Amino acid sequence: MNSPLTIFGADLKVFGAPGRYVQGRGILTRIGDFAAQFGQSAVLVADVHILPLVEQTIRSSCEQRGVSLTVLPFEGRLGPDTGHDLVARLGDATPSIVLAAGGGRAIDAGKALAGTRGLRLITIPTVASNDAPTSKNYVLYDEDDMLLEVRHLPRNPDFVVVDTLLLAGAPKAMFAAGLGDALSKKAEAFACAAGSGLTMFRARPTRLAGTIATACYDTLMTHGRAAYDAAGTGEPTEAFEAAVEAMILMAGLGFESGGLSVPHALTRGLPLLPGVKARPHGLQVAYGLVVHHRLMGEAMPDALLALYHHAGLPLCLSDLTAAQISRSQLTAVAQASIAVPHMLNFPKTLTVADLVDAMLAIEGEAHMRPAIANRRGR
């Protein structure tokens, strides 16, 4: 089989998407209907902490449609051997479908199993913290929990099943992380298209992907504040529904086919700073978007700043870490980030010095205001 990374190229435009995206209140009860489209045997890879919340519903729905179910709890360790480890845990079971339920890591573990065994894939996000559910990509980490590798499935998930009743009960802080991750997608797609950047398909972005990334941003500008207020209440309002669609579907399509840039490239280097590795991916991306605007010579739009303040998103490094950060530490962050291919998806060639100067300027301005993290008691 041809590698999904070599069959395309910079002379092509490529758009990828999941087979079906399904969103609604309480639709986890219909997961058996979706799984039965692909076979009569499934394996559920689910985050061990959320498994008690979803297992019985998924099991009952699968039983009603004659789909047998094997359950593999996932405890969070996501490394190069995860796919093979999960295959070994399957034993004699021969599923045709992977149901991957949880946050980004649990879903990526399910992708690793699907890729290793060549299985169909249904993703079931239980928190709106990122857009992993729609994409073919999955991330692996080293022994120190630092990002090691991004792998790619031959195709996107067959179904993405988004139960907003389930997501509305997830922690508000994780919703904020999802906002931070999604808000960057318009700026990143535009930067990629403006230069000679390549997407996650190693091809040029389509116009449609940029349009979707713009719709993502506009939806969150309109509904993000009210959606954040609804997060964690267990009650998915219309604003929450709109924001979830933007944060999972639109952001996912926008980044994969539109391209990433500085905000995501910086997540390779930011975890080198004290305490940042423990902060959610989306908060790191949100800070990266601040740096991106600085490098573009643009002010952050007032509406975007207002949403940052409302959701407690980081506007400077002081909002991510309480430690004093030196120029040498910022240089290390920049050096680790500059080599990431996403950094090439920018209208001009960036240097380590450009990144360091931008981050220092942001920190200098931050001295004039209290850190969001301290103000919110985080």
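So, in segment 320-337, of the ones that are surrounded by 17 or more Cβ atoms within 10 Å (Cβ to Cβ) and touching a Gly at 6+ places or on another chain (Cβ under 8 Å), which residue ends up nearest to Ala231 (Cα to Cα)? Don't jump to the end; show me each part of the working.
Going through segment 320-337, the residues surrounded by 17 or more Cβ atoms within 10 Å (Cβ to Cβ) turn out to be 320-321, 325, 329-330, 333-334, 336-337.
Right, trim to touching a Gly at 6+ places or on another chain (Cβ under 8 Å) and you get 320-321, 333-334, 336-337.
Numbers: Leu320: 22, Thr321: 24, Val333: 32, Ala334: 34, Ala336: 34, Ser337: 32 Å.
Residue satisfying both the conditions and the ranking: Leu320.
Test Asp81 against the stated conditions and say whether it is out of contact with any helix residue (DSSP H, G or I) (no Cβ under 7 Å at 6 or more places or on another chain), surrounded by fewer than 20 Cβ atoms within 10 Å (Cβ to Cβ) and closer than 23 Å to Met146 by Cα.
Working: out of contact with any helix residue (DSSP H, G or I) (no Cβ under 7 Å at 6 or more places or on another chain): yes; surrounded by fewer than 20 Cβ atoms within 10 Å (Cβ to Cβ): yes; closer than 23 Å to Met146 by Cα: yes.
So Asp81 fits the description; yes.
State which residue is nearest to the chain's Cα centre (by Cα) when the search covers only segment 105-118 and only residues that are surrounded by fewer than 24 Cβ atoms within 10 Å (Cβ to Cβ) and in contact (Cβ under 8 Å) with a residue 12 or more places away in the chain. Per the stated criteria, the residue is Arg105.
Against the numbered list (1) open to solvent by 40 Å² or more (accessible area, probe 1.4 Å); (2) in contact with an Asp or Glu (Cβ under 9 Å, 6 or more places away or on another chain), Asp145 comes up short only at (2). Here is a check on your reading of the model: is Leu28 in a helix (DSSP H, G or I), touching an Asp or Glu at 6+ places or on another chain (Cβ under 7 Å) and of a type in the set (A, V, I, L, M)? The answer is yes for Leu28.
When segment 15-28 is examined, which residues are found to be touching a strand residue (DSSP E or B) at 6+ places or on another chain (Cβ under 8 Å) and either more than 20 Å from Ala246 (Cα to Cα) or surrounded by 17 or more Cβ atoms within 10 Å (Cβ to Cβ) (or both)? Correct list: Pro18, Tyr21, Gln23, Ile27, Leu28. Does any residue of segment 346-361 turn out to be modelled with pLDDT of 95 or more, closer than 25 Å to Thr222 by Cα, in contact with a Ser or Thr (Cβ under 9 Å, 6 or more places away or on another chain) and open to solvent by less than 40 Å² (accessible area, probe 1.4 Å)? Checking segment 346-361: not a single residue is modelled with pLDDT of 95 or more, closer than 25 Å to Thr222 by Cα, in contact with a Ser or Thr (Cβ under 9 Å, 6 or more places away or on another chain) and open to solvent by less than 40 Å² (accessible area, probe 1.4 Å).
Here is a yes/no grid of residues against (1) under 16 Å from His342 (Cα atoms); (2) part of a loop (DSSP other than H, G, I, E, B); (3) open to solvent by less than 60 Å² (accessible area, probe 1.4 Å):
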{"position": "Phe190", "(1), (2), (3)": "yes, no, no"}
{"position": "Ala193", "(1), (2), (3)": "yes, no, yes"}
{"position": "Arg202", "(1), (2), (3)": "yes, yes, no"}
{"position": "Thr211", "(1), (2), (3)": "no, no, no"}
{"position": "Gly224", "(1), (2), (3)": "no, no, yes"}
{"position": "Asp229", "(1), (2), (3)": "no, no, no"}
{"position": "Ala242", "(1), (2), (3)": "no, no, yes"}
{"position": "Glu245", "(1), (2), (3)": "no, no, no"}
{"position": "Met250", "(1), (2), (3)": "no, no, yes"}
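Residues are listed down the side, and each one gets a yes or a no for (1) touching a His at 6+ places or on another chain (Cβ under 7 Å); (2) part of a helix (DSSP H, G or I); (3) without any contact (Cβ under 8 Å) to a residue 40 or more places away in the chain; (4) farther than 20 Å from Met343 by Cα:
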residue	(1), (2), (3), (4)
Pro263	yes, yes, no, no
Val285	yes, yes, no, no
His309	no, yes, no, yes
Ser318	no, yes, no, yes
Ala322	no, no, no, yes
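May I ask you to verify whether Gly169 is farther than 20 Å from Tyr21 by Cα and not aliphatic (A, V, I, L, M)?
Values: farther than 20 Å from Tyr21 by Cα: yes; not aliphatic (A, V, I, L, M): yes.
Judged against the criteria, Gly169 is a match.
The single residue among Ala311, Ala323, Ala334, Ala306 that is modelled with pLDDT under 95 and of a type outside the set (Phe, Trp, Tyr) turns out to be Ala323. Contact annotation: residue pairs with Cβ atoms under 9 Å, 6 or more positions apart or on different chains, pairing a residue in segment 64-76 that is open to solvent by 60 Å² or more (accessible area, probe 1.4 Å) with a partner that is assigned to a strand (DSSP E or B) and modelled with pLDDT of 95 or more, are Ser68/Ser41; Ser68/Ala42. The conditions of being farther than 24 Å from Glu241 by Cα, touching a Gly at 6+ places or on another chain (Cβ under 8 Å) and part of a strand (DSSP E or B) are not met by Val43. Scanning segment 29-50 for residues that are buried (at least 21 other Cβ atoms within 10 Å of the Cβ) and under 22 Å from the mean Cα position of the chain (by Cα) yields a count of 4.
Kindly indicate whether Gly252 is under 25 Å from Ala353 (Cα atoms) and at pLDDT 95 or above. Answer is no for this residue.
The values are calculated or read from the model by the stated rules, or taken from the named source; none is laboratory data. Quantities reported herein were computed from a predicted structural model and do not represent experimental measurements. Here the Cβ is made from the backbone with ideal geometry for all residues, glycine too, and neighbour counts use every protein chain on show. Surface areas here come from the heavy atoms of the whole protein model, side chains and all, with no ligands, DNA or RNA. Shrake-Rupley method; radii C 1.70, N 1.55, O 1.52, S 1.80 Å.
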